[in-house]
Amino acid sequence: MSDTSGALVLFSGGQDSTVCLAWALSRFEHVETVGFDYGQKHAVELRARDEVRRNITARFPQWADRLGEDHMLEMRGFGAVAQSALTADRAIEMTEKGLPSTFVPGRNLVFFVYAAALADRRGLKTMIGGMCETDFSGYPDCRRDTLDAVQTALNLGMEQDFIIETPLMRLTKAETWGLAKSLGGEDLVDLVVRDSHTCYQGDREHFHDWGYGCETCPACELRAKGWNEWVAEGRPTLAA
C-alpha cells in the first residue's frame, strides 16, 4: 500500500466490512464507501450501512473528516441471474458442487468490476474488501488468489494501477474482533455488535452478546463462534 490519499471500501453493513471501514479510516486521508443492492433477502444490511456510518462519525471524531461519500449501486438484475439462498426462496444447505447454497456465483467478481468503475471516476486507487480466506463460508471468490487475478484483470482492462486490500484475509473471526478492539477500543466493538448486520435471515429482533441474528444461519454461527473464542481468550487486541 503506497498511496494513502484515498480508498473505496466495499461496505455491506456487516461485521467484516465495518471493521474494514475502521481499518481504512485509520490509514487513508479520504475514504468513500460503496454498497450493492443485488436483491439480497437480508436487505436490512443495507439499512445498517447508514447507521454504522452515522455512528462512526459520531463516536470517532478523529475519523469524521476522513469519511466521504457513500454510493449505492443497483444490481438486482445480477442477483436474479445468480440465484442463491441469499436472493431466492431456497434452503440454506450444501449443493451438489460442495458449495453452500448461500454462494452467489461471481458476486465478488462483479462487485469489484462495479467498484473499479466507480473508483476510476472518483480518482481512488485502493479498493478494500472484507473477504476472508481463513474463516469463511466456503466461497471461492473470497480467496486471495481469486482477488489477485481480479486485480490484474482490472488493471489490464482499465489501464489502472488499482490495489485490492483485504485486511481480514488471514484472520479468524476471533482475530477480527481483536482487530476491531485495536482500531477503536471497546467503543468500536460495541458499534460492531449493535449497529452492523451479518445474519442471512435479516433478524434484527434477537440480540446476543455478539449482535443481532437468528443464531442458526452460517453467518450467525461464524460470528458467534468467533466472539466466543475471542472472549475465552480474554478479548485480546490484534495489531492493526
Next on the checklist: Please enumerate, by chain and number, the aspartates and glutamates with C-alpha under 14 Å from the C-alpha of residue 125, excluding those fewer than 8 residues away in the same chain.
Outcome noted: 3, 29, 32, 159, 161, 165
Checklist entry - For the peptides 32-38, 145-151, what is the packing order when you average, over each peptide's residues, the other Cβ atoms within 10 Å and list the highest mean first? => result 32-38, 145-151
Item to check | Relative packing of peptides 56-67, 212-223, 171-182, 13-24 - highest average C-beta neighbours within 10 Å first | outcome: 13-24, 171-182, 212-223, 56-67
Item to check | Debye equation applied to the C-alpha atoms of segment 97-240, log10 I(q)/I(0) at 0.13, 0.15, 0.16, 0.18 Å⁻¹ | outcome: -0.67, -0.87, -0.96, -1.13
Item to check | Candidate aspartates and glutamates for bridging to residue 173, where Cα separation is under 12 Å - those fewer than 8 sequence places away on the same chain excluded | outcome: 16, 133, 135, 221, 229
Next on the checklist: What is the distance in Å between the Cα centroid of segment 44-62 and that of segment 127-168?
Outcome noted: 25
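Read the figures in this text as sums done on the coordinates, not as results from a lab. None of these values were measured; they are calculated from a predicted model. So basically every Cβ, Gly included, is an ideal-geometry build from the backbone, and we count neighbours across all protein chains shown.
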